[in-house]
Amino acid sequence: MTDRSTTRLLSGPSLAGAAEGLGSHTSRLGPLPRGIDSSSLVTELEASGLLGRGGAGFPVGRKWRALAERPTGRAVIVANGAEGEPASLKDRVLMAHRPHLVLDGAILAANAIDADEIVLYIGQEHKAAVESIGRAIDERRGGVRQPIRLVQAPIGYVAGEASAAVNYINTRDARPTTTPPRVSEHGVDGGPTLVQNVESLAYAALIVRFGAHWYRTAGRLESPGTALITVGGAAGEGGVREVELGITVGEIADAEATPPGRIQAVLLGGYFGTWASVRDVRQMPLDPAEMKRRGLTFGCGIVGLLPTGTCGVVATAGIMAYLAKESAGQCGPCVHGLRAIGDATGRLASGQAGASEVVDIERWASQIGGRGACHHPDGAIQLMTSAMNVFGDEFIQHARTGRCSVTGSRIAAA
Ligand SMILES: Cc1cc2nc3c(=O)[nH]c(=O)nc-3n(C[C@H](O)[C@H](O)[C@H](O)COP(=O)(O)O)c2cc1C
Ligand code: SF4
């Protein structure tokens, strides 16, 4: 058996190798404890302070309690491994290499809330993850009370949103549904449904084995535990890392062998996240609670390092064009508003727009928030607003002169 003091999500066999099979998984971590009553299990999770890793950071124990104490209804678990966020790799790496940890978490959740079905919802483009989880489900056949189903999520940013996932599982339409009723009340096949990110589930499977106290031995500040993050950009290759929460952004950059001065800004939390100037966040701990206080987002754990000499306006235009394209096309403010902002940002980036367009973007951004059936436009607006704060000078330079202050060059109209 493993040394629990050093065990975390990616402990075990090298990630350069194949997925960990059931034999290795069980001999390393021991079997999933049985016979723990639902109430003790949920209490342990609450005591751990584990926060959801799909983006919103909602306490996992609280979510399980709400479903465990539901008055009626046959419940379903959806393990969310859609991972449509272009800057994130962590869920596919976890599913591809530690599939049984994810399954353990889903089975545990199903037992805790007395669910009678488990659905693994995995982005169809994450081939290694789909294969690995498929094999792991086969290895578990006959040993699990609930049926386990693998549903491949369609490609798209919005397909991973909780109500879109449930809608796709029910009807093969991956557009979010207007809430209420929430999926926790009316989800897969109309039953109360727990939609939980795969990393959150994998961690729950470790916490039930080793305890809330063990979980809290990692984490330097307020938010306990470790987290899977995806580091991108700058000098190194980037990739998925497991870090102790509270590590500083500077330490993460240094670990990528990125010397000070090589980075100008950091994208925190992903395409739904926030840009921050590296000056402001180099010493900042990557701690969801602290980040929230500073108006920043941990999101799904993205730390994107924007190298010096790369234009933040151009980088933002690329993200906004993507997010506008990914609108699920059913709410006017989202469809038209994001397209207008994306187009205007694109024109600014290519030197084809003036100061009035900057004003337009600010006005549209203030009008769209909270007006979609899902939080897609809210995430996009948050990103856009942070870009205008962090790259304000570059936006003005692009608008006034058609020159880029970062590269110093005249912008060639597209
Ligand atoms: C547009 C959009 C896309 C999302 N995509 C994902 C996704 O790919 N994977 C995921 O786990 N959560 C995604 N979420 C968050 C889910 O709605 C949900 O909050 C999450 O799966 C719950 O798991 P957690 O509590 O463990 O974080 C997305 C949310 C939005 C608004
Ligand atoms: S807000 Fe946008 S992404 Fe969300 S359901 Fe409406 S159109 Fe689709």
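Here's the yes/no breakdown for (1) in contact with a strand residue (DSSP E or B) (Cβ under 8 Å, 6 or more places away or on another chain); (2) modelled with pLDDT of 95 or more:
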| residue | (1), (2) |
| --- | --- |
| 261 | no, no |
| 267 | yes, yes |
| 274 | yes, yes |
| 295 | yes, no |
| 302 | yes, yes |
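On the stretch given as region 198-223, residues that are modelled with pLDDT of 95 or more and within 16 Å of ligand 1 (Cβ to nearest atom) total 12. Against the test of being within 16 Å of ligand 2 (Cβ to nearest atom) and of a type in the set (Asp, Glu), the options 46, 85, 117 yield a single qualifying residue, 85. Have a look at 405, 366, 386, 356 and point out the one that is of a type in the set (Gly, Ala, Ser), touching a strand residue (DSSP E or B) at 6+ places or on another chain (Cβ under 7 Å) and on the phi < 0 side of the Ramachandran plot. Unique residue meeting the criteria: 386.
Contact map, region 1-23: first residue touching a residue at least 12 places away in the same chain (Cβ under 8 Å), second residue of a type in the set (A, V, I, L, M) and surrounded by fewer than 17 Cβ atoms within 10 Å (Cβ to Cβ), Cβ cut-off under 9 Å, separation 6 or more or different chains; pairs are 19/128. Considered as a group, the residues in region 334-353 that are away from ligand 1 (no atom under 16 Å from the Cβ) and in contact with a Lys or Arg (Cβ under 8 Å, 6 or more places away or on another chain) include one that is nearest to residue 370 (Cα to Cα), and that residue is 353.
When 131, 125 are screened for being out of contact with any helix residue (DSSP H, G or I) (no Cβ under 6 Å at 6 or more places or on another chain) and within 15 Å of ligand 1 (Cβ to nearest atom), only 125 passes. Entry remark, region 136-176: residues being within 12 Å of ligand 1 (Cβ to nearest atom) and either more than 20 Å from the chain's Cα centre (by Cα) or surrounded by fewer than 16 Cβ atoms within 10 Å (Cβ to Cβ) (or both) number 1 in total.
A search for C-beta distances below 7 Å between a residue of region 328-346 that is closer than 12 Å to residue 364 by Cβ and near ligand 2 (Cβ under 8 Å from one of its atoms) and any residue that is polar (S, T, N, Q) and not in a helix (DSSP H, G or I), counting only pairs 6+ apart in sequence or on different chains, returns 334/327; 338/327. If the condition is being touching a helix residue (DSSP H, G or I) at 6+ places or on another chain (Cβ under 9 Å), under 28 Å from residue 404 (Cα atoms), surrounded by fewer than 16 Cβ atoms within 10 Å (Cβ to Cβ) and not aliphatic (A, V, I, L, M), then region 344-370 contributes 352, 354, 356, 360, 362, 366. The strands (runs of 3 or more DSSP E) falling completely within region 178-291 that include 3 or more residues that are surrounded by fewer than 24 Cβ atoms within 10 Å (Cβ to Cβ) map to 226-233, 239-244. Going residue by residue through region 120-129, is there one that turns out to be assigned to a helix (DSSP H, G or I) and within 18 Å of the chain's Cα centre (by Cα)? There is at least one residue in region 120-129 that is assigned to a helix (DSSP H, G or I) and within 18 Å of the chain's Cα centre (by Cα).
The C-beta contact set for region 163-187 (first residue closer than 14 Å to residue 82 by Cβ and at pLDDT 95 or above, second residue assigned to a loop (DSSP other than H, G, I, E, B) and among the acidic types (Asp, Glu), distance under 9 angstrom, 6+ apart or interchain) comprises 164/173; 167/173; 174/161.
Residues that are surrounded by fewer than 23 Cβ atoms within 10 Å (Cβ to Cβ) and of a type in the set (S, T, N, Q) were ranked within region 27-56; the one that is nearest to residue 203 (Cα to Cα) is 43.
For region 1-53, residues that are closer than 19 Å to residue 213 by Cβ, of a type in the set (Ser, Thr, Tyr) and in a loop (DSSP other than H, G, I, E, B) total 3. Can you find, within region 69-108, the residue that is nearest to ligand 1 (Cβ to nearest atom) among those that are touching a strand residue (DSSP E or B) at 6+ places or on another chain (Cβ under 8 Å) and of a type in the set (Val, Ile, Thr)? Here the residue is 78.
Kindly evaluate residue 308 against the criterion of being under 22 Å from the mean Cα position of the chain (by Cα) and either closer than 30 Å to residue 242 by Cα or in contact (Cβ under 8 Å) with a residue 60 or more places away in the chain (or both). Show your work before the answer.
Numbers: under 22 Å from the mean Cα position of the chain (by Cα): no; either closer than 30 Å to residue 242 by Cα or in contact (Cβ under 8 Å) with a residue 60 or more places away in the chain (or both): yes.
For residue 308, the condition - under 22 Å from the mean Cα position of the chain (by Cα) and either closer than 30 Å to residue 242 by Cα or in contact (Cβ under 8 Å) with a residue 60 or more places away in the chain (or both) - is not met.
Could you please give the count of residues in region 379-414 that are modelled with pLDDT under 95, under 15 Å from residue 345 (Cβ atoms) and hydroxyl-bearing (Ser, Thr, Tyr)? Final tally of qualifying residues: 0.
The values are calculated or read from the model by the stated rules, or taken from the named source; none is laboratory data. No experiment lies behind these values; they were computed from the predicted model shown. When we count neighbours, we look across all protein chains shown, and the Cβ atoms used for this are built from the backbone with ideal geometry, even at glycine.
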